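First up is the structure itself, then whatever we jot down about it.
The values are calculated or read from the model by the stated rules, or taken from the named source; none is laboratory data. Just so you know, these numbers come straight off a predicted model, no measurement behind them. Methodologically, a virtual Cβ is constructed for each residue, glycine included, from the backbone with ideal geometry; neighbour enumeration extends over all protein chains shown.
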Amino acid sequence: MEDLQSLVGIPRIWDRLGTVEERLLEASTADDPYLTKIAQHLLIAGGKRFRPLLALLAAEFGDPEDRRPVEAGVAVELIHLGSLYHDDVIDEAETRRGATSANANWTNTVAILAGDFLMARASEVAATHLSQESVRLLAATYAELVEGQTRELQLTDDLSHSLDDYRQVISGKTASLIRTSARLGAIAANADDSVVEALSTWAWELGMVFQIADDALDLVADEETIGKPAGSDIREGTFTGPVLRAVAGPNGERVREILSGGRPYSDEAVAEVIDLVREGGHVDAALENATARLATADAALAALPESQPREILERLGAYLLDRVESARS
């Protein structure tokens, strides 16, 4: 499978992503060394920096030499990192990116405070380097993230909610920030309004595909690939698209019987649900939906001039789905 470095064959973007990394360390440094250590815990653990990468790619459709897209990338990644700290507390997660989660390594309280600190620093970066419109967009996006997470919490352990409910959750908790990443990068590079809108539409669909693929990975990949135990969503009572499809399918009664007993689920119970979901073709059905979304995303890109950056955007969606295929091959 092609990696991101090979797919995004524009050296300038990787150079600027290195600058984003330096700025992330600067922005996440507090006066208190203890807070700095916690706030940089996930940052140092690594990550694809997918959202800053999108901001820098979108900037290629404006003035890519402008410094501001780097700051846009820093701001969206700080929002993302802060939300991960909060998510891990909510989910009582023990690992993240192959490392011990902040809440497990320290306490829930300090993990929440570190997440708050990173969110605050995102606002500071945007207010200092970006436009008022960008600050407002980041604030609105964070509100969408919170709404998506809240909706997901309401549906925890609920086997009766619909695929539409699931789509509303992932649109808030994932697609909103991915769309904002591209939009913010394009605005920071002074791209034309029509370009900003086309990139926003593309990134929204890509964000939905990103989460659909991530949810599929949780059902087909091993812990080494995804940095957390397979079936983590099920263990947390979060029933994603493939599981909901399985509940409504021919083996739905058995899936419901296993999961209606309540948590904690045994390893054997989780493994059986995963087998039923996979054997029923429900992961494939989710990926078919993702493929249809990519067609909508590609249609939005048709409004952009033919160029190397546009070719890269067209291949990014396939890259996300290829990760799933590689994990289960």
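Here are the numbers:
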quantity: In segment 42-63, the residues that are at pLDDT below 90 and crowded, with 23+ Cβ neighbours inside 10 Å; calculated: Leu42
quantity: Exclusive hit being in contact with a helix residue (DSSP H, G or I) (Cβ under 8 Å, 6 or more places away or on another chain) and farther than 20 Å from Asp214 by Cβ, set Pro64, Pro33; calculated: Pro64
quantity: Top-ranked residue of segment 21-39 - restricted to ones that are part of a loop (DSSP other than H, G, I, E, B) and in contact (Cβ under 8 Å) with a residue 40 or more places away in the chain, ranked as farthest from Ala93 (Cα to Cα); calculated: Ala30
quantity: Pairs where the first residue, in segment 40-66, is over 24 Å from Glu314 (Cα atoms) and the second is hydroxyl-bearing (Ser, Thr, Tyr) and in a helix (DSSP H, G or I), C-beta under 9 Å, 6+ apart; calculated: His41/Tyr85; Leu42/Tyr85
quantity: Residue in segment 2-12 that is farthest from Arg310 (Cα to Cα), counting only those that are in contact (Cβ under 8 Å) with a residue 12 or more places away in the chain and under 20 Å from the mean Cα position of the chain (by Cα); calculated: Glu2
quantity: Set Glu314, Glu257, Glu288: member being over 21 Å from the mean Cα position of the chain (by Cα), at pLDDT below 95 and of a type outside the set (Val, Ile, Thr); calculated: Glu257
quantity: Pairs, first closer than 15 Å to Ser131 by Cα in segment 185-198, second of a type in the set (Phe, Trp, Tyr), C-beta under 8 Å, six or more apart; calculated: Ala186/Phe61; Ala189/Phe61; Ala191/Phe61
quantity: Segment 219-238 residues that are over 13 Å from Glu92 (Cα atoms) and part of a loop (DSSP other than H, G, I, E, B), paired with ones that are at pLDDT below 75 and of a type in the set (A, V, I, L, M) (beta carbon under 7 Å, 6 or more apart); calculated: Ala221/Ala327
quantity: Out of Glu124, Glu152, sole residue that is among the charged types (D, E, K, R), closer than 24 Å to Ala188 by Cβ and not in a loop (DSSP other than H, G, I, E, B); calculated: Glu124
quantity: Residues located in segment 13-54, provided they are within 21 Å of Ser307 (Cα to Cα) and of a type in the set (A, V, I, L, M); calculated: Ile13, Leu17, Leu53, Leu54
quantity: Set Leu137, Leu206, Leu159: member being under 25 Å from Ala230 (Cα atoms) and in a helix (DSSP H, G or I); calculated: Leu206
quantity: Within segment 153-200, tally of residues that are over 29 Å from Tyr265 (Cα atoms) and either in contact with a Lys or Arg (Cβ under 8 Å, 6 or more places away or on another chain) or surrounded by 17 or more Cβ atoms within 10 Å (Cβ to Cβ) (or both); calculated: 21
quantity: Count of segment 253-291 residues which are small (Gly, Ala, Ser), crowded, with 17+ Cβ neighbours inside 10 Å and assigned to a loop (DSSP other than H, G, I, E, B); calculated: 1
quantity: Arg256 vs. criteria in contact (Cβ under 8 Å) with a residue 60 or more places away in the chain, more than 30 Å from Thr201 (Cα to Cα) and among the charged types (D, E, K, R); calculated: yes
